[in-house]
Amino acid sequence: MTPVVQLYWLRVALGIVAGAITAVLAALFESGSEITTLVNSITVALLIYFVTYYILRGFYKSKIEKQSKILSTAIGMYFFSWLSFFVLFYTVFLVAVGRA
């Protein structure tokens, strides 16, 4: 597997993990407005993306020629998988706690 493909699937997995983390945080620290909860969750997802970017940049710096490719590879799949799993985990968590 090439380093770009590894980075792609790693971003998808990180999107799933970020979805779980933000769903739990959103359910625990729920505010009065749904839009505030969504904006806070997007902010946490972006924070996770950029923190992992700096970590992954150290691993893939010598393996990928263009450094901008490390930032842009699978950014769409990260947020698509984050959004899908955020909705799934948030709904499951609220149903399990009995607030839905």
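Could we say that Leu71 is closer than 13 Å to Ala13 by Cα, in a helix (DSSP H, G or I) and aliphatic (A, V, I, L, M) here? Give the derivation first.
On the way: closer than 13 Å to Ala13 by Cα: no; in a helix (DSSP H, G or I): yes; aliphatic (A, V, I, L, M): yes.
Judged against the criteria, Leu71 is not a match.
Determine if the stretch 38-53 includes at least one residue that is modelled with pLDDT under 90 and out of contact with any strand residue (DSSP E or B) (no Cβ under 7 Å at 6 or more places or on another chain). Yes.
Kindly indicate whether Tyr90 is assigned to a helix (DSSP H, G or I), more than 10 Å from the chain's Cα centre (by Cα), aromatic (Phe, Trp, Tyr) and crowded, with 18+ Cβ neighbours inside 10 Å. Taking the combined requirement at face value, the residue satisfies it.
Scanning the stretch 56-69 for residues being modelled with pLDDT of 90 or more and either acidic (Asp, Glu) or under 23 Å from Phe85 (Cα atoms) (or both) gives a total of 1.
The values are calculated or read from the model by the stated rules, or taken from the named source; none is laboratory data. Computed from a predicted model, the values in this text were never measured in an experiment. So basically every Cβ, Gly included, is an ideal-geometry build from the backbone, and we count neighbours across all protein chains shown.
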